[in-house]
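Undergrad: I am attaching a structure below and will ask some questions about it afterwards.
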Amino acid sequence: MGNSIDVYWAGSIETNNNGNINNDLLFTSPKPLLQYLKKTYPLSPLTSPHPNESTPVAHYFQCPAATSYLKNIYIIESPVDFTLEIDKNNLENPIMFYCTLDILKLRSFIDSFFSLSHFYTFFTEEKNLKIEMINPSFHNTDFSKNTTLFEGSYNIGKWFRGIHPNFISHKSKINVKKGEPLYYIKFNTNKNIKFKNYNLSPELIQLENNNFKYKHIISKTPLSKLYSLFISKNYHKRILKEIKNNLTGY
């Protein structure tokens, strides 16, 4: 089967007013965290007065235990600048969101609980590949320091849905710059990941909506049952065929 896995990805923004925005100019392929860390903490820091001197942090990212864990963790970046401001004393308008796109949904202003509608939809031919969402703890940004991601995982070979990240804010005002990390994703495999981009066609959006709506109609359905239903209805084959018909080539 080789030492790599093809992971198909598409970016989309679900706005409150305009439906889905599938402008692929806004989205970038997930970037490897380990590559970022090795560049940030090089073995021979350019700023060091001793060119051959390395820092303990740099050696950590050469450790087999660390590299094995970090190998398939990727950074999901913000496609735009935005500012989130929550004022719990303003009951009429408790949240202000400054952005060129309406991509935030307030879930509870009491808990400062919100979700971002900027999401990626991953899929693979492998039927046993889990993806996890992880807090972006290696980045020191206003967003990473002052929000908590609701982490979770599911099998991207047996379920088709966009990742809709949910957060709790710990600060009344948070600024995010384009390109800053919103969260990390981790693929639970030792194989190399090969990303292939595709466009979310109307048929793929419909199939994704079927999955999403089923969970709301029949709530608290275990993932194992959802996976069995997904396979029994040939969703895996139907989705894979449609994805391959809509590959972008990058």
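The values are calculated or read from the model by the stated rules, or taken from the named source; none is laboratory data. Treat the numbers as computed from the prediction; the structure is a model and nothing was measured. All Cβ positions, glycine included, derive from the backbone under ideal geometry; neighbour counts span all protein chains shown. Accessible surface areas use protein heavy atoms only, side chains included; no ligands, DNA or RNA. Shrake-Rupley method; radii C 1.70, N 1.55, O 1.52, S 1.80 Å.
Undergrad: Looking at (1) closer than 27 Å to Thr248 by Cα; (2) acidic (Asp, Glu); (3) at pLDDT below 80, can you tell me which one Glu92 breaks?
TA: (1)
Undergrad: Are any of the residues in region 71-80 among the hydroxyl-bearing types (Ser, Thr, Tyr), out of contact with any Pro (no Cβ under 6 Å at 6 or more places or on another chain), at pLDDT 90 or above and under 24 Å from Tyr250 (Cβ atoms)? Give the derivation first.
TA: Our first condition is that a residue be among the hydroxyl-bearing types (Ser, Thr, Tyr); within region 71-80, this holds for 74, 78.
This time we only want the ones that are out of contact with any Pro (no Cβ under 6 Å at 6 or more places or on another chain), so: 78.
Keeping just the survivors that are at pLDDT 90 or above gives 78.
Right, trim to under 24 Å from Tyr250 (Cβ atoms) and you get 78.
The answer is yes; a qualifying residue exists.
Undergrad: Name the one entry in Ile239, Ile168 that is surrounded by 15 or more Cβ atoms within 10 Å (Cβ to Cβ), more than 15 Å from the chain's Cα centre (by Cα) and not in a helix (DSSP H, G or I). Steps first, answer last, please.
TA: Numbers: Ile239 fails: not in a helix (DSSP H, G or I).
Answer to the check: Ile168.
Undergrad: Please identify the pairs in which a residue from region 169-197 that is within 30 Å of Lys127 (Cα to Cα) has its Cβ atom under 6 Å from the Cβ atom of a residue that is among the aromatic types (Phe, Trp, Tyr) and part of a loop (DSSP other than H, G, I, E, B), counting only partners at least 6 apart or on another chain.
TA: Asn197/Tyr250
Undergrad: Select from region 214-243 the residues that are closer than 20 Å to Phe119 by Cα and at pLDDT 90 or above and list them in ascending order. Before you say what the answer is, go through the steps one by one.
TA: Taking region 214-243 and keeping what is closer than 20 Å to Phe119 by Cα, we get 214-216, 239-240, 242-243.
Of everything in region 214-243, those that are closer than 20 Å to Phe119 by Cα and at pLDDT 90 or above turn out to be Tyr214, Ile239, Leu240, Glu242, Ile243.
Undergrad: Take region 102-128 and flag every residue that is open to solvent by 30 Å² or more (accessible area, probe 1.4 Å) and touching a His at 6+ places or on another chain (Cβ under 8 Å).
TA: Passing the criteria: only Lys127.
Undergrad: In region 83-118, how many are among the charged types (D, E, K, R) and more than 21 Å from the chain's Cα centre (by Cα)? Before the answer, list the steps.
TA: Filtering region 83-118 down to residues among the charged types (D, E, K, R) leaves 85, 87-88, 92, 102, 105, 107, 111.
Then drop every residue that is not more than 21 Å from the chain's Cα centre (by Cα), which leaves 85, 87-88, 92, 111.
Residues flagged as among the charged types (D, E, K, R) and more than 21 Å from the chain's Cα centre (by Cα) within region 83-118 amount to 5.
Undergrad: Additional query: With Asn135, Asn140, Asn155 as the choices, which residue is within 27 Å of Asn188 (Cα to Cα) and open to solvent by 50 Å² or more (accessible area, probe 1.4 Å)? Show your work before the answer.
TA: Working: Asn135 fails: open to solvent by 50 Å² or more (accessible area, probe 1.4 Å); Asn155 fails: open to solvent by 50 Å² or more (accessible area, probe 1.4 Å).
Going through Asn135, Asn140, Asn155 in turn, the sole match is Asn140.
Undergrad: In region 211-236, what residues are in a helix (DSSP H, G or I) and free of Cβ contacts under 8 Å to residues at least 40 places away in the same chain? Quick ask: steps written out before the conclusion?
TA: We begin by selecting, within region 211-236, every residue in a helix (DSSP H, G or I); these are 211-217, 223-232, 235-236.
Passing the criteria: Lys213, Tyr214, Lys215, His216, Ile217, Ser224, Lys225, Ser228, Leu229, Ser232.
Undergrad: Quick check: is even one residue across region 150-160 without any contact (Cβ under 8 Å) to a residue 40 or more places away in the chain, in a strand (DSSP E or B) and of a type in the set (Gly, Ala, Ser)?
TA: To start, the set of residues in region 150-160 that are without any contact (Cβ under 8 Å) to a residue 40 or more places away in the chain comprises 150-153.
Within this subset, residues satisfying the condition of being in a strand (DSSP E or B) are 152-153.
From what's left, of a type in the set (Gly, Ala, Ser): 152-153.
So far as region 150-160 goes, yes, one or more of its residues are without any contact (Cβ under 8 Å) to a residue 40 or more places away in the chain, in a strand (DSSP E or B) and of a type in the set (Gly, Ala, Ser).
Undergrad: Kindly establish whether Pro94 is open to solvent by less than 80 Å² (accessible area, probe 1.4 Å), farther than 30 Å from Leu204 by Cα and not aliphatic (A, V, I, L, M).
TA: Numbers: open to solvent by less than 80 Å² (accessible area, probe 1.4 Å): yes; farther than 30 Å from Leu204 by Cα: yes; not aliphatic (A, V, I, L, M): yes.
It is true that Pro94 is open to solvent by less than 80 Å² (accessible area, probe 1.4 Å), farther than 30 Å from Leu204 by Cα and not aliphatic (A, V, I, L, M).
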